[in-house]
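Below is one structure, written out as C-alpha cells; comments come after it.
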C-alpha cells in the first residue's frame, strides 16, 4: 500500500475492512468485487466504498473494467495498511458486535436518550478510539447526533404505536411505488440484489449477522422506492429505514424468518423481471403485512 498519500481515518478503515471482506469471501484474482454487497456488509453508502476501491486500484489491488465492474487483481499479504492503523481500528467483526450491542440495549431501553463517549467506553470496556468509527457510522445513518458542546443523543425510538403507524404507511407507499409510470430497474440491480440475498440464504444464521441483514433488507425496499422515479417515495422509504434501524438491528426472529423474508423478496423480484408490476405490488403489500404481524408481536404487552 502506498503510505505516502494522506488518507483519512475513514478511508484507512474502509480499505482494511474491504480487504477483510475479500479474504472472508475467498475471492481470487480475476473475481468480481460487488460494491453493493460490500456497502451492505459494512453498513456504509456506496460513495465511500467507491473512493476506497479507487485507492486500491491506484495500488494495483483492484481494477475497474468498463462493462464488468471492479475485479480483484492482487491481494496484498500485509492486508494493505500499516500495523499502527490496524491497532487503532477495531476489526470488522468487533465493530459489528459493538453496533449490535448498542442497538440491542437501546431497543431494550437500557440506554437513555443521551450519552457520552466516556460512558459508552466504560460500559463496554473498550477504548474511546474504538467507538469513534461506530458513532460516525450511526450518525451517518441518522440514528444519533452530536450535541452542541459535549455528548451525543439518540434520534430514533420504537414502540408498538410507531410500529403500527409505520407499517400502515409503508403498505400504502411501497406497493404504489411499483406502479409509478417511471418505475424501472436495471438487470445489474436485479442480479446484484439476488446475489446479496443469497449470501444470507446460503449461510448458517448467527446473531452477529443481524446488522448486515437489516441493511440488505433496507436497501431492497429503498432501491425499489427510488426506482419509481418519484423523489417523494424515495425519501419516505429512507426515513422509514432510519426510524427502524435500532429495533431491527436487534433481530429476534431467527433463521426461519430470514428465509421467509428473503424468499418473499425473491418473488417480488421475479414478478418485476417478468414485467408484472401489478403482481409485484400485491406481493409487496402481502410481504409488508406479514412483516408487520411479526414485528408487532415483539412490541405487544404480552411479549414483555
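The values are calculated or read from the model by the stated rules, or taken from the named source; none is laboratory data. Because the structure is predicted, anything quoted here is derived from the model rather than measured. Don't worry about glycine lacking a Cβ; one is built from the backbone with ideal geometry, like all the others, and counts go over all protein chains shown.
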(message) Filter region 118-135 down to the residues that are part of a helix (DSSP H, G or I) and surrounded by 14 or more Cβ atoms within 10 Å (Cβ to Cβ) and list them by number.
(response) 119, 120, 121, 123, 124, 129, 130, 131, 132, 133, 134, 135
(request) Those residues that are surrounded by 13 or more Cβ atoms within 10 Å (Cβ to Cβ) and touching a strand residue (DSSP E or B) at 6+ places or on another chain (Cβ under 9 Å), I need them from region 147-181; list them, please. (result) 151, 152, 154, 155, 156
(message) If I filter region 43-76 down to residues being surrounded by fewer than 12 Cβ atoms within 10 Å (Cβ to Cβ) and within 26 Å of residue 242 (Cα to Cα), which single residue comes out as modelled with the lowest pLDDT?
(response) 45
(request) Tell me, please, whether a residue that is over 23 Å from residue 206 (Cα atoms), part of a helix (DSSP H, G or I) and modelled with pLDDT under 80 can be found in region 244-255. (result) no
